[in-house]
Amino acid sequence: MTIPTVIRRGVFIAILAAAGPLWAQDVITSTAGGTEEQVATPPEFTPSVGEPLVETAPDNGTLRAGAGLVAPQFILGRRLKLSTSVTGGYDDNVNLSPIGSPSWFANPNAVGTYQFGNPQLGMDLTGVAGITYYFEHLGGRDYDPNLYLRLFLVYKVTERLTLDIAAFASYQAQPDVTSDLSANRRLGNFFRSRDNISAHYRWAPRFSTITSYNFSAIEYTNSSASAFDRLENQLGEELRYLLFPTTTATAGYRFQITDYQNGVGNQNRASNPITQTLTAGLDQTFSPHLSGIFQGGVQLRSPRISPYVQATLHYVFDPKRTTSESSTYVIWTNRYSIEESDVAAGSGRETFRTNLLLNYGITARISANLSLSYLHATGQSIGNSGNAGLAAGGEDLFDVSPGVRYAITSSLAVNIGYRHTELSRGSSRAVSLQSLGYSRNRYFAGLTFTF
């Protein structure tokens, strides 16, 4: 079964899954009489997914799928918001090559957001279309596409049962250094999607379970990178017990099958691995502003058993603020796990990944932001004996992007920022330039207008 076939089926299933709740928009009336009053997000309306996506890179508008969650604000009534932005700047390494490839660039983007909410249903849908145009046309590259669609949908079926859908699909060229569903280097334009459907059932006042299905796909248009095309199917079950009003104990099991699409798996059965993850942890609310999720356990992926650790901290300085632009928050995610390698196709490697997001409202008009990502991958590949050791020296990636935003009016804002990315790889049997590291600097400024 090819990726496009699976994608079509996945989209069809998602439409069917969302159809019932969407029809409910016309059946269930809102207590607010159709107003756009913003309300606090109930606990059952918080999507329970491992890697939701709401943040974008400020220099090009692409998704930062692994950067963490800023929970969507579900509203009473309906609201449609449109915005457009133009960003320009200088990139000293467009192609992410060891020798550099500088060019000036321009990045226009259009964003549409639709929100709907009533006491039973919450929905947040965002679509983005844009390009990054390069004036130097390095290596025949005129522009990078940036298209994505993101959906959060939460439907309270009964007082005990809540269904969550969190999904995204994107088509882009720029790597996403925050996520495992992307290479850390340029491999050409690619499509990716991650879709999570989960059912949260409260069996007793203190005990609940979350049953989830997660589907992921990535496909490159460049035939030379097709060995990295893959599908991931994951089933999960999590048990949750409320120990104290601010502390929930969790225990989980996840079963994942990774299916490489273009011949790698036919050469070696280990290239289509099965990964099992056992975890135990705590969800802790330290204060009205600070909360955390901590999980530890083991991953089993033949022939290796690896530790698994995940920790997330979310600190909100001013929870009364209602928009991601003006709110003040810190989100820090950390994970040590087995991830798919972008050097040795069909294999995995133990990886530590951390992402930090900071947005600070200095005044009513001025805010500062910082995104920081770091990755360390061990050198030994797991699961594909033919490719094991290709990255024998390991890999380290560092990405930092500070910026400032100034709201000129309620509709018009200007931003300025800088982004530095550096990838270093140790000794390797591979000799191509693509297998080596790179350094990149981007300087940019732009305008955003919200209708």
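Filtering the stretch 146-158 to residues that are more than 14 Å from the chain's Cα centre (by Cα) and in contact (Cβ under 8 Å) with a residue 12 or more places away in the chain leaves ASN146, LEU147, LEU153, VAL154, TYR155, LYS156. Considering the stretch 125-142 alone, what residues qualify as being closer than 22 Å to ASP92 by Cβ and exposed (fewer than 15 other Cβ atoms within 10 Å of the Cβ)? PHE135, GLU136, HIS137, GLY139, GLY140, ASP142 - these are the residues of the stretch 125-142 that are closer than 22 Å to ASP92 by Cβ and exposed (fewer than 15 other Cβ atoms within 10 Å of the Cβ).
Against the test of being of a type in the set (A, V, I, L, M), part of a loop (DSSP other than H, G, I, E, B) and within 25 Å of ARG353 (Cα to Cα), the options ALA183, ALA204 yield a single qualifying residue, ALA183.
Let's see how each residue does on (1) at pLDDT below 95; (2) under 24 Å from the mean Cα position of the chain (by Cα); (3) not in a strand (DSSP E or B):
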position: ASN334; (1), (2), (3): no, yes, no
position: GLU339; (1), (2), (3): yes, yes, no
position: ALA345; (1), (2), (3): yes, yes, yes
position: ALA364; (1), (2), (3): yes, no, yes
position: ILE416; (1), (2), (3): no, yes, no
position: THR421; (1), (2), (3): no, yes, no
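The set of residues in the stretch 188-224 that are among the small types (Gly, Ala, Ser) and in contact (Cβ under 8 Å) with a residue 40 or more places away in the chain comprises SER193, SER198, SER212, ALA217.
Report yes if some residue within the stretch 202-217 is charged (D, E, K, R) and buried (at least 22 other Cβ atoms within 10 Å of the Cβ); otherwise report no.
Our first condition is that a residue be charged (D, E, K, R); within the stretch 202-217, this holds for 202, 206.
Still in the list and also buried (at least 22 other Cβ atoms within 10 Å of the Cβ): none.
Taking every residue of the stretch 202-217 in turn, none turns out to be charged (D, E, K, R) and buried (at least 22 other Cβ atoms within 10 Å of the Cβ).
The values are calculated or read from the model by the stated rules, or taken from the named source; none is laboratory data. These numbers come from a predicted model, not from an experiment. When we count neighbours, we look across all protein chains shown, and the Cβ atoms used for this are built from the backbone with ideal geometry, even at glycine.
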